[in-house]
Amino acid sequence: MKIICIGRNYAEHAKELKSEVPTEPVIFMKPNTALLKDNKPFYVPDWSNNLHYEGELVLKICKQGKYIDEKFAYKYFDAITVGIDFTARDLQNKLKDKGLPWEISKAFDNSAVIGEFKKLSELENEKEISFSLQLNDAVMQKGNSNEMLFSFAKIIAFASQFFTLQVGDLIYTGTPAGVGPVKPGDRLQGFLEQEVVFDFEVK
Ligand code: ZN
């Protein structure tokens, strides 16, 4: 399986990082060794002093496809959860400044936290899915799929022009404003609508 991630998909988050609001989806990938699941703890790597959480809605692909038309995109994913795209912001900024690929700041081991998946059909409204991220019981990020610059359907149509989507692939759909650093001892909880889908500790 592969992990496809979307950058700058919420205008307010692009602003907080002083990034331009993109005119097409910004895409990067993580390998399967990036996955961190079942509420296992996250260990802050010793090569970063500014490790950020980015809470995001994550889709699970249920059908293989290439050049998927936007209007059929909903047939290609059937489950959703909240995850974290952990980012070594210090490393990312250093690489960005040099115009270099920032892969290692995003795709390192355990950088892709994944919560418990819910069937899309069980949600009240598939077009307006709310989520939030709590750090030590304080809400740090709140988002709704209706605030995304590029919808689930647009992301799938765009990404599948380049990458064949396969069953089990994950798509991290971008983070809203409110990203920030973590340190050992922190507790992170992800909420899909009102339900906790992950709850783990930073070590
Ligand atoms: Zn992200």
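The values are calculated or read from the model by the stated rules, or taken from the named source; none is laboratory data. Nothing here was measured: the structure is a model prediction, and the numbers come from that model. Virtual Cβ from ideal backbone geometry, glycine too; neighbours counted across all protein chains shown. Keep in mind that these areas ignore ligands, DNA and RNA; they rest on the heavy atoms of the full protein, side chains included. Shrake-Rupley method; radii C 1.70, N 1.55, O 1.52, S 1.80 Å.
Would you give the gap between the C-alpha center of segment 15-29 and the C-alpha center of segment 107-162, rounded to a whole Å?
16
State in Å² the accessible area per residue of the chain; use a 1.4 Å probe, count heavy atoms of protein chains only, and round to the nearest integer.
Details: 9710 Å² over 203 residues.
Accessible area per residue: 48 Å².
Compute the distance in nm between two label points, each set 7 Å from the Cα along the Cα-to-Cβ direction, one at K98 and one at E193.
Result for the modelled spin labels: 4.7 nm.
Which FRET efficiency value, to the nearest 0.05, is calculated for C62 and K18 with the Förster distance at 35 angstrom and r the Cβ-Cβ distance? List each step's numbers first, then the result.
On the way: r = 37 Å, r/R0 = 1.06.
Result of the calculation: an efficiency of 0.40.
What is the sum of charges, Lys and Arg at +1 and Asp and Glu at -1, for the other residues whose Cβ falls under 14 Å from the Cβ of V113? Numbers along the way, then the final one.
Working: positive: K30, K37, K40, K106, R187, K203; negative: D38, E54, E56, D85, D109, E116, D186, D199, E201.
My count for the surroundings of V113 gives -3.
Would any residue of segment 157-176 have its amide N under 12 Å from a label point 7 Å out along Cα→Cβ of L123? List them or say none.
Flagged as within label range: 173.
For an R0 of 30 angstrom, estimate the FRET efficiency from the Cβ-Cβ distance between Q166 and A11 and round to the nearest 0.05. Working shown, then result.
On the way: r = 31 Å, r/R0 = 1.03.
Once rounded, the FRET efficiency stands at 0.45.
Quickly estimate the mean residue ellipticity at 222 nm for the chain, helices only: each DSSP H run with n ≥ 4 gives -39500 (n - 2.57), and the total goes over all residues, rounded to 500.
Working: 3 runs with 23 residues, N = 203.
Using -39500 (n - 2.57) per qualifying helix, the result is -3000 deg cm²/dmol.
Which residue, Y76, Y172, Y67, tops the fluctuation ranking in a GNM of the chain built on C-alpha contacts under 10 Å?
Its mean-square fluctuation being the largest, the pick is Y67.
Using 1/(1 + (r/R0)^6) with R0 = 41 angstrom and r between the beta carbons of K75 and D38, what's the FRET efficiency to the nearest 0.05?
Between K75 and D38 the formula returns 0.90.
Hey, any idea what % of the chain's accessible area is carbon plus sulfur with a 1.4 Å probe?
On the way: 4750 of 9710 Å².
Heavy-atom surface of the chain belonging to carbon and sulfur, 1.4 Å probe: 49 percent.
Nearest 20 debye, what's the magnitude of the dipole of the chain about its Cα centre given +1 on Lys and Arg Cβ and -1 on Asp and Glu Cβ? Walk me through the numbers before you get to the answer.
Values: 25 positive and 29 negative charges, 117 e Å.
It works out to roughly 560 debye.
Ranked highest first by the average count of other Cβ atoms within 10 Å around their residues, in what order do 186-196, 92-102, 52-62 fall?
On the way: 186-196: 17.5, 92-102: 12.8, 52-62: 23.8.
Descending mean neighbour count gives 52-62, 186-196, 92-102.
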